[in-house]
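The values are calculated or read from the model by the stated rules, or taken from the named source; none is laboratory data. What you see is a predicted model, and the numbers here were worked out from it, not measured in a lab. Glycine gets a Cβ as well: all are built from the backbone with ideal geometry, and neighbour counts include every protein chain shown. Side chains included, ligands, DNA and RNA excluded: accessible areas come from the protein's heavy atoms. Shrake-Rupley method; radii C 1.70, N 1.55, O 1.52, S 1.80 Å.
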Amino acid sequence: MGKNIQEIKEVKGFMPRSVVYAEKINEDFGEGLAGFYEAIWAEREGGLSMKQKHLMVFAIACSNNNIESAVKILERLKKFKATRAEISDAMMVAAWTGGIQNFTDFSVAVLEEMEKLGF
């Protein structure tokens, strides 16, 4: 396991499946994909915080009706101390960009997970 792959596990908190699969295909491919993840998720001075990045990807997952990802991202949002109001705002943006049908579809699972996590 290369340097980038180890670092992405530390940055993300888990090993993304795409990196695992890429490394199985080719070690250099795995390292390259891990470097891409690391560049995106690294915190930079004056850049977005981890909480802000996760709120963005949460809104995108909801907007795309990717319920499994949205629910998983809630765990990360809890870790980064997102508030219920911030998550609700992201859900409303997702409703705006993805449409009311997607909002209807993802809300049940997301609201249930929010209750479980104590938001």
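Per residue, the solvent-accessible area of the chain (1.4 Å probe, heavy atoms of protein chains only, all protein chains present) comes to 60 Å².
With θ taken as phi - 60° and the Karplus curve 6.51 cos²θ - 1.76 cosθ + 1.60 applied, the whole-hertz 3J(HN,Hα) list for region 24-32 is 5, 6, 6, 4, 5, 4, x, 4, x Hz, x standing for glycine and proline. Applying 1/(1 + (r/R0)^6) with r as the Cβ-Cβ distance of PHE14 and THR97 and R0 = 30 angstrom yields a FRET efficiency of 0.65. Cross-link pairs exceeding 31 Å between alpha carbons, from the set LYS3/LYS51; LYS9/LYS116; LYS24/LYS116: LYS24/LYS116. The simple Förster model, with R0 at 30 Å and r as the Cβ-Cβ distance, assigns LEU48 and ARG84 a FRET efficiency of 0.90. Given [x] 55, 25, 19; [y] 51, 33, 19; [z] 42, 31, 26, which label gives Cα extents along the principal axes in Å as computed from the coordinates? Label of the calculated value: [z]. Rounded to whole numbers, the Karplus 3J(HN,Hα) couplings from phi for region 84-96 are 4, 5, 5, 5, 4, 4, 4, 5, 5, 4, 4, 5, 5 Hz, using 6.51 cos²θ - 1.76 cosθ + 1.60 with θ = phi - 60°, and x at Gly and Pro.
Normalising by the residue count of region 48-115, find the relative contact order in percent from Cα pairs under 8 Å and 6+ residues apart.
In percent, rounded to a whole number, it is 43.
Normalised by the number of residues in the chain, the average gap of Cα pairs under 8 Å and 6 or more apart makes the relative contact order 21 percent.
Rounded to the nearest Hz, the phi-derived 3J(HN,Hα) couplings of region 69-75 under the Karplus curve 6.51 cos²θ - 1.76 cosθ + 1.60 (θ = phi - 60°) are 5, 4, 5, 5, 5, 4, 4, where x marks glycine and proline.
The label point for GLU115 and the one for TYR21, both projected 7 Å from the Cα toward the Cβ, are 3.4 nm apart.
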